[in-house]
Amino acid sequence: WSEEACAAHLTQRDGYQAATQGQLKDQLYQEIIHYFDKGKMWEEAIALGKELAEQYENEMFDYEQLSELLRKQAQFYENIVKVIRPKPDYFAVGYYGQGFPTFIRNKVFIYRGKEYERREDFEARLLTQFPNAEKMKTTSPPGDDIKTSSGQYIQCFTVKPKLDLPSKFHRPVSEQIVSFYRVNEVQRFEYSRPVRKGEKNPDNEFANMWIERTIYVTAYKLPGILRWFEVKSVFMVEISPLENAIETMQLTNDKINNMVQQHLNDPNLPINPLSMLLNGIVDPAVMGGFANYEKAFFTEKYMHEHPEDHDKIEKLKDLIAWQIPFLAEGIRIHGEKVTEALRPFHERMEACFRQLKDKVEKQYGVRAILSSLEERRGSRPRSMVRSFTMPSSSRPLSVASVSSLSSDSTPSRPGSDGFVLEPLLPKKMHSRSQDKLDKDDLDKDKKEKKKEKRNSKHQEIFDKEFKSTDISLQQAEAVILSETISPLRPQRPKSQVLGVMSSERRFSVSPGAPSSQLSPPPITPRTKLAFSIQPNLELNGMSSSDIPDIPPPLPLKGSTADYGNLLESQDLMSPTTSPPAQQRVSAQ
């Protein structure tokens, strides 16, 4: 990444035009990332992209290039999760005989096949390079007679890559992420060959079926700069019949679980692979299931002859028991996606599973599947949950009201001023006002924009005009507050009551109300709701016992205005007293 000048032969070569080494390396990284993307190896592209992003952000300060690179990385991450990548096969190839060049003579190499390339196609492609070579029929290592012969002998067979997860995956992750490492960044490969030992059992071939497993370790991880590398070490291990049964059951459970996760993540996947997998396990007429293991290992004779295998037998029983919840989840998904044409097939599979489940749970116990599948199927992402809790209107005050809805017997959430907001008068006491409120709600959408523009103005007027007023009001079922109201305010004169002049225009004080009315009529500082007085709150120092149980009468209806607003009418004001001019403030 230095700013030193490039050598003369590098300044213009293969389409590169770079003056410094840093510029040349930048262009090389861009091309490498492009090829990794083309080869669907996005994990490798992300690793180089992070190194390049560090230069853009902290050394070059090229934020435009950084933004473009980060968008590419975001697409790579999405591809990892959503795009299904083919898994190539790996082949072990041995070149035996003195007729081969020295660099491959009597050596074994591991090749990475192309996408969807079968072994027969790979062999045909390989033999075209050596038309005089003879293909060996066995997979066992050849003898010295073949190695020292003057001819050419090619041995080819499929090997299985050994998963080697990076250390960063310290917890279970999605199969879509792990699947990349099953066939990439691998250096160990194994080939298993069945070997029979002891007397042959015609009734159960699993009793004496040993596995001879050969492990191949290559010089470098595959894939690398080449699609094939030489094998540097080979060693062999033997797997006992019981260990083979345990390994087979574990692989089967993992396969069911992985396929279930794939269908939960992508409901559009075809159902045929799931049908074949489940039917091959559930229907005893297809493969026999694990009944062969029970006949071979769960007998008194075997336990007496192999007392050291007690723990392994218990592990096998546990794996058999764990297979039931995995199968149940798979059959549930199969039932949801099955077509009518395959409905009889599914019903037969369900019948076989019920019998299998009853037998296994009776003999080996019940296992409950972990909650990961339920969470994956039923839970919503955090952003999705938030979108459901947020109302259609984006006003922040509505968030509190949605979360604080309460019934008539449950207190609402405390207000911002420390008061406990509780239910108000029974609905029958203010049903007319509530009906009017419902009617006004129909016009709310039309007036919403105008109200939002006036909110800040109304708040300023409200604070200035009614600073001495204590208001602790609430709707019958929902609380929507946007002002912080202090409870410590002086008592209002008894000769005055608070009136609201057309809440979208102005507020004013009406001093001509009857003096015997101790509590003010409802006011609406926001015009959105009409409020009533709470029966159990202290208002201006008076307890609820000092306030009459009967609410104040509603004002006379002179027009179609809201019941919560008093009309500007001389009939509602004292004929001898008019409000001071400084208290008449227009919302305009």
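The values are calculated or read from the model by the stated rules, or taken from the named source; none is laboratory data. This structure is a prediction, so every number in the text was calculated from the model and none was measured. Here the Cβ positions follow ideal geometry from the backbone for every residue, glycine too, while neighbour counts run over all protein chains shown. Ligands, DNA and RNA are stripped out before the accessible areas are found, and what is left, the full protein with its side chains, is counted by its heavy atoms. Shrake-Rupley method; radii C 1.70, N 1.55, O 1.52, S 1.80 Å.
Rolling a 1.4 Å probe over the protein heavy atoms gives region 123-278 an accessible area of 58 Å² per residue.
Kirkwood-type hydrodynamic radius, region 178-217: 12.6 Å, calculated from all non-identical alpha-carbon pairs. With R₀ fixed at 51 Å, the C-beta to C-beta distance from GLU361 to ARG227 puts the FRET efficiency at about 0.55. Accessible area per residue for region 285-352 is 55 Å², calculated with a 1.4 Å probe on protein heavy atoms, without ligands, DNA or RNA.
Semi-axes of the equivalent ellipsoid of region 19-79: what are they in whole Å, largest first, if each equals the square root of 5 times a C-alpha gyration tensor eigenvalue? Don't skip to the end; give the middle numbers.
Details: eigenvalues 76, 37, 13 Å².
After diagonalising the Cα gyration tensor, the semi-axes are 19, 14, 8 Å.
Tell me, what is the FRET efficiency for ASN58 and HIS170 to the nearest 0.05, using R0 = 25 angstrom and their Cβ-Cβ distance as r? Please report the intermediate quantities before stating the final value.
Details: r = 28 Å, r/R0 = 1.13.
E(calc), rounded to 0.05, equals 0.30.
For ARG188, the residues whose amide H sits under 5 Å from its own are LYS162, ignoring neighbours fewer than 5 places away on the same chain, with H placed 1.01 Å from N.
What is the percent carbon and sulfur in the accessible area of region 26-147, measuring with a 1.4 Å probe over the protein chains and ignoring ligands? Kindly include the intermediate steps, with their values, before the conclusion.
On the way: 3780 of 7320 Å².
About 52 percent, which is the carbon plus sulfur part of the accessible surface.
Considering only protein heavy atoms and a 1.4 Å probe, what is the carbon-and-sulfur percentage of the accessible area of region 169-276?
Working: 3230 of 6040 Å².
Within region 169-276, the accessible surface is 54 percent carbon and sulfur.
What region 1-67 shows is 65 Å² of accessible area per residue, with the surface traced by a 1.4 Å probe over protein heavy atoms.
From the Cα gyration tensor of region 20-137, with a ≥ b ≥ c the square roots of its eigenvalues, which class applies: rounded if a/c is under 1.5, or else prolate if a/b is larger than b/c, or else oblate? Judged from the Cα gyration tensor, region 20-137 comes out prolate (a/c at least 1.5, a/b above b/c).
Extension gain, MET303 to LYS87: 0.36 nm times the residue separation minus the Cα-Cα distance gives 73.6 nm.
Here each label is just a point 7 Å from Cα along the line to Cβ, and for TYR220 and VAL178 those points are 2.9 nm apart. Once the chain from GLU120 to ASP311 is taken as fully extended at 0.36 nm per residue, the excess over their C-alpha distance is 64.5 nm.
Take the Cα of GLU31, step 7 Å toward its Cβ, do the same at ALA7, and the gap between the two points is 1.6 nm. Stretched out straight at 0.36 nm per residue, the stretch from ASP145 to ARG354 would grow longer than its current Cα-Cα span by 69.4 nm.
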